[in-house]
1. Could you work out how far helix 194-204 tilts from the main Cα principal axis of the chain, as a 0 to 90 degree angle to the nearest 10?
2. Check each of the GluC sites (Glu not before Pro) in region 92-162 and keep only those in coil by DSSP with at most 15 other C-beta atoms within 10 angstrom; list them in order.
3. So what's the angle, to the nearest 10 degrees on a 0 to 90 scale, between helix 78-89 and the longest Cα principal axis of the chain?
4. Taking only DSSP H segments of four or more residues, each worth -39500 (n - 2.57), what value at 222 nm results for the chain once the sum is divided by all its residues, to the nearest 500 deg cm²/dmol?
5. Which net charge results for the neighbourhood of Ile132, defined as the other residues with beta-carbon distances under 9 angstrom from its beta-carbon, given Lys and Arg at +1 and Asp and Glu at -1?
6. Working from Cα positions, state the angle (0 to 90°, nearest 10) between the long axis of helix 172-181 and the longest principal axis of the chain.
7. Choose one of Gly58, Ile103, Thr258: the residue whose Cα lies farthest towards the positive end of the charge dipole of the chain (beta-carbon charges +1 Lys, Arg; -1 Asp, Glu; about the Cα centre).
8. Filter Lys12/Lys45; Lys12/Lys231; Lys12/Lys39; Lys22/Lys223 down to the pairs with a C-alpha to C-alpha distance above 22 Å, please.
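The values are calculated or read from the model by the stated rules, or taken from the named source; none is laboratory data. These numbers were taken from a predicted model, which means no experiment stands behind them. Methodologically, a virtual Cβ is constructed for each residue, glycine included, from the backbone with ideal geometry; neighbour enumeration extends over all protein chains shown. Ligands, DNA and RNA are stripped out before the accessible areas are found, and what is left, the full protein with its side chains, is counted by its heavy atoms. Shrake-Rupley method; radii C 1.70, N 1.55, O 1.52, S 1.80 Å.
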Amino acid sequence: ATPTAIMVGTGKGAEMGVLFRKGTALEMLGKVQTVVLDKTGTLTKGRPELTDLKPFNGFSEEEALRLVAAAEQKSEHPIAEAIRQAAEARGMTLPEVAAFEAIPGFGLKAEVEGRTVHVGADRYMKKLGIDISGTEALVGELSDQAKTPIFAAVDGKLLAVIAVADPLKEGSAEAVAALKAMGIEVAMLTGDNQRTAQAIARQVGIERVLAEVLPDQKAEEVKRLQSEGKKVAFVGDGINDAPALAQADVGIAIGTGTDIAIEAGDVILMSGDLRGIVNAVALSKRTFRTIV
Ligand code: ADP
Ligand code: MG
């Protein structure tokens, strides 16, 4: 393609809300064989809502939500926001958090009213040696409904199982179908648990799922796909996604995501609508006259 054609292509991209930050990205996009999508905030809206809460060990629903919401006060995770909002909707006054520690990919630890509260994934509870037996059926059921089960414990004892649901963005399923129709393999990458990830993937039409990936391992997973000889695009929105965006042949950042992700992207999807990727791939192929 001539420099003029590339300029025209870049301009058309901007008109459809796709910004090419790197000159080579427009060309590379048409050569991509695998598109890897982050789940939370990329395929989904990234604004989960609390849907279920089951207390254990004699705690009341009220007490469980109060303690968990208090523990989540200083967390920046979208799950924390969902839990805080549920407490707020019930008009709860939350106790102060004396100490707080976020453990990326696992959950958090907080001191509330002199008690130690842990909140997070099942693997976090297992790591801490907290007994979560008797929750399997409930957790399986929640996960199959595409909800993310969260565990909470007080002083080492199971307090509650909570679930949050994060709906798919409009256009995610359509974008996945269109990419597949172009012969592009689509995969999903997430820190969420295997069964929830599978349920979301089913809804959106993705077969290849990489779940329970720790934040610092996302780039490694992209590298692994590249070592299969593929040109890989990674699409993400979070702070944790920046290394994977940099590692990919084309890093596509969600424009409504974190600044750190946007800075790491070669391409920015301004509105976050994944159908923009499909348009951009088609634009690349047209600009470089690759046969579609
Ligand atoms: P993702 O970006 O895919 O949600 P993360 O690595 O941020 O992945 O989190 C992985 C898992 O760790 C979450 O699904 C949740 O189970 C647990 N987790 C992390 N932070 C928190 C938190 N603040 N509260 C509850 N659970 C959390
Ligand atoms: Mg995300």
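1. Tilt relative to the chain: about 50 degrees.
2. Of the GluC sites (Glu not before Pro), the ones in loops of region 92-162 whose Cβ has at most 15 other Cβ atoms within 10 Å are Glu96, Glu113.
3. Once rounded, one gets 50 degrees.
4. -11000 deg cm²/dmol
5. -2
6. 40 degrees
7. Of Gly58, Ile103, Thr258, it is Thr258.
8. Over 22 Å Cα-Cα: Lys12/Lys45; Lys12/Lys231; Lys12/Lys39.
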